[in-house]
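Since the structure comes first, as structure tokens, the remarks are kept for the end.
Read-outs throughout are calculated quantities, based only on the coordinates presented, and are distinct from any laboratory measurement. Keep in mind it's a predicted model, so treat the numbers as computed, not measured. Cβ: placed from backbone, ideal geometry, glycine included. Neighbour counts: every protein chain shown.
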Amino acid sequence: MTTPETSLDFGTLAEMFTYDHEQVVFCQDKSTGLKAIIAIHDTTLGPALGGTRMWKYASEQEALTDVLRLSRGMTYKSSVAGINLGGGKAVIIGDSKVDKSEALFRRFGKFVDSLGGKYITAEDVGISPKDIEQVQMETDHVTGVPEYLGGSGDPSPVTAYGVYMGMKAATKKAYGSDSLTGKKVMVQGAGSVGYHLVKLLSKEGAVISISDIYEPSIKRVLKDFKAEVVPVNDVYKEEMDIYAPCALGATLNDDTLKQLKCSIIAGGSNNQLAVETIHGEAVKKAGMLYAPDYVINSGGIINCYWELQGYNREAALSQTEKIFDTTTEIFNKSENENIPTFLAANKLAEERILAIGKIKTSF
Ligand code: NAD
């Protein structure tokens, strides 16, 4: 018997230990071509929730590293959001343009189901509502489901509301009032979250600039709201009070931080700091108030959480509104302990997990 080639080595378990994961499940089904990894990071607060991403990873190792990192991020996001969910994530290794089939997603659904609710899945990059519909044929442990299937539908308006709340908390901290009237806000990425953020900002009389690589996204915003359009390469040179990244991650890096001048960074995209420790410290040194991304973009997960309880939009929005208070608490903690805001957020997340973990030991 020959040993088939794999890009995984015995570092896999070590990597699991490094990130402190509870369980990692490797799923394979030759007939459908399914290769997936489900990572359950921490279930102290509740079942591990996190979307499934379908991506053409260069190697299994790359897929593993991604799912471990993302699932850990979900633990922190749910903890700070104050919801009773742990962190999980799944990745399907494959090209979302050519490798999809009903059988593949139903098989994946069976793997999710086999975990008995310990992991709850949702949509992420490369996954469409149709794919989720097929996963849902085999398991009830799915959330963020389209409205026509009885779910809560597109979470981006709720995400944008949370970003807006975080931005207002930052404005209060930096300027003494939470009013965004007259503040110059640069919204980078005018997609789902960007559009709804612009809607809220324009209602409050902010001076809005937008930038996007995709013309239809820009046109959609300009059809409904007043905004200046900034060329993609000029974003960081712009004069602005608030930079709101709502497109890609890692836009706070060595290059951009040489150019960026603003009072506040508050946007919806994930993983904005290219290297958390380096660039989190750099924005602090530069005197820019950074509202940690996973704190202020948690409206989407809050919405999913409320879908699991039998959807109540009022409750979802009311909990999302609390992002204002949480963000304020993080700014105060950062100031009192003289640490970057991302670190203050991480500490807050860890403290809640520790405290709730302790009460769970009693009957
Ligand atoms: P989207 O795909 O609807 O919109 C993203 C927009 O960014 C698109 O219009 C795209 O053309 C544009 N874009 C891509 N590269 C760009 C660039 N270099 N410069 C300017 N624009 C660029 O996605 P979305 O749902 O609005 O999500 C935006 C970000 O927020 C993502 O990072 C996502 O992970 C994060 N997020 C979204 C939600 C949600 O509820 N949708 C929740 C949490 C986090």
Revision key, fill the gap. With segment 269-329 reduced to its Cα atoms and the Debye formula applied, log10 I(q)/I(0) at q = 0.21, 0.25 1/Å amounts to -0.83, -1.00
Check your understanding: What is the mean projected area of the alpha carbon convex hull for segment 67-112, to one decimal in square nanometres?
Key -> 4.1 nm²
Point to revise | For segment 25-70, the Rg and Dmax computed from alpha carbons only, in angstrom | key: 11.8, 36
Study note, to complete from the structure: Flagged as over-length at 29 Å C-alpha distance, from K35/K322; K77/K285; K35/K199; K322/K360, the pairs are K35/K322; K35/K199
Practice item. Would you please give the FRET efficiency between D255 and E215, computed as 1/(1 + (r/R0)^6) with r the Cβ-Cβ distance and R0 = 22 Å, to the nearest 0.05? Key: 0.30
Review point. What FRET efficiency comes out for the pair E276/L222, r = Cβ-Cβ distance, R0 = 41 Å, nearest 0.05?
Key: 0.75
Exercise for review: Find which of Y311, N271, Y161 sits farthest along the positive direction of the dipole of the chain, computed with +1 on the beta-carbon of Lys and Arg, -1 on that of Asp and Glu, about the Cα centre.
Suggested key: Y161
Check your understanding: Put +1 on the Cβ of every Lys and Arg and -1 on every Asp and Glu Cβ in segment 151-258; which of C246, F225, A190 then has its Cα farthest towards the positive end of the dipole?
Key -> F225
Practice item. Tabulate in residue order the Karplus-calculated ³J(HN,Hα) for segment 208-215, using 6.51 cos²θ - 1.76 cosθ + 1.60 with θ = phi - 60°, rounded to whole Hz; enter x for Gly and Pro. Key: 9, 10, 10, 8, 7, 7, 10, 4
Study note, to complete from the structure: For segment 114-158, using Cα atoms only, the Rg and Dmax in Å read 10.5, 33
Exercise for review: Would you mind computing, in nm to one decimal, how far apart the modelled labels at N312 and N233 are, each placed 7 Å from Cα along Cα→Cβ?
Suggested key: 5.3 nm
Exercise for review: Apply the Kirkwood formula to the chain: the hydrodynamic radius equals the inverse of the mean of 1/r over all pairs of different alpha-carbon atoms; give it in Å with one decimal.
Suggested key: 21.1 Å
Point to revise | Normalised per residue, the volume of the convex hull around the Cα set of segment 248-363 (Å³) | key: 125 Å³
Exercise for review: May I ask for the distance between the Cα centers of segment 238-298 and segment 89-156, given as a whole number of Å?
Suggested key: 31 Å
Exercise for review: Give me D for segment 163-204 in µm² s⁻¹, whole number, from Stokes-Einstein with Rh from the Kirkwood sum over alpha-carbon pairs, 25 °C and 0.890 mPa s.
Suggested key: 231 µm²/s
Check your understanding: For segment 192-242, which trypsin sites (Lys or Arg not before Pro) are in a loop by DSSP, counting at most 12 other Cβ atoms within 10 Å?
Key -> K226
Revision key, fill the gap. Rh (Kirkwood, all Cα-Cα pairs) for segment 86-234, Å, reads 17.8 Å
Point to revise | Exposed-site-free run, longest, the chain (rule: GluC sites (Glu not before Pro); DSSP loop; at most 12 other C-beta within 10 Å) | key: 6-238
Exercise for review: Please find, in a Gaussian network model of the chain (springs between Cα atoms separated by less than 10 Å), the residue of S59, S192, S217 whose mean-square fluctuation is greatest.
Suggested key: S59
Exercise for review: Any chance you could list P(r) for segment 101-140, counting all Cα-Cα pairs in 10 angstrom bins from zero, rounded to whole %?
Suggested key: 35, 57, 8
Practice item. Using the structure shown, select from K223/K258; K183/K226; K203/K223; K56/K237; K284/K333 the pairs with a Cα to Cα distance greater than 23 angstrom. Key: K223/K258; K56/K237
Check your understanding: How many nm separate the modelled label positions at I359 and K130, each set 7 Å beyond the Cα in the direction of the Cβ?
Key -> 4.5 nm
Check your understanding: Modelled label-to-label distance, E204 and K322, 7 Å Cα→beta-carbon offset: nm?
Key -> 2.0 nm
Review point. Are there trypsin sites (Lys or Arg not before Pro) in segment 93-135 that DSSP marks as loop and that have at most 13 other Cβ atoms within 10 Å, and which are they?
Key: K97
Check your understanding: Roughly how many whole Å is it from the C-alpha centroid of segment 12-33 to that of segment 181-236?
Key -> 40 Å
Review point. In deg cm²/dmol, rounded to 500, what helix-only [θ] at 222 nm does the chain give when every DSSP H run of at least 4 residues adds -39500 (n - 2.57) and the total is split over its residues?
Key: -14500 deg cm²/dmol
**Study point:** Computed magnitude of the charge dipole of segment 162-205 (debye, nearest 20; Cβ of K, R +1, Cβ of D, E -1)
**Key:** 60 debye
Check your understanding: About its Cα centre, how strong a charge dipole does segment 1-129 have in debye, to the nearest 20, once Lys and Arg get +1 and Asp and Glu get -1 at the Cβ?
Key -> 360 debye
Practice item. Just need the Rg to Rh number for segment 1-126, please, alpha carbons only, Kirkwood Rh. Key: 0.97
Check your understanding: From the phi of every residue in segment 269-284, what ³J(HN,Hα) in whole Hz does the Karplus formula 6.51 cos²θ - 1.76 cosθ + 1.60 yield, where θ is phi - 60° and glycine or proline is x?
Key -> 6, 7, 6, 5, 7, 4, 10, 3, 5, 6, 7, x, 5, 5, 5, 4
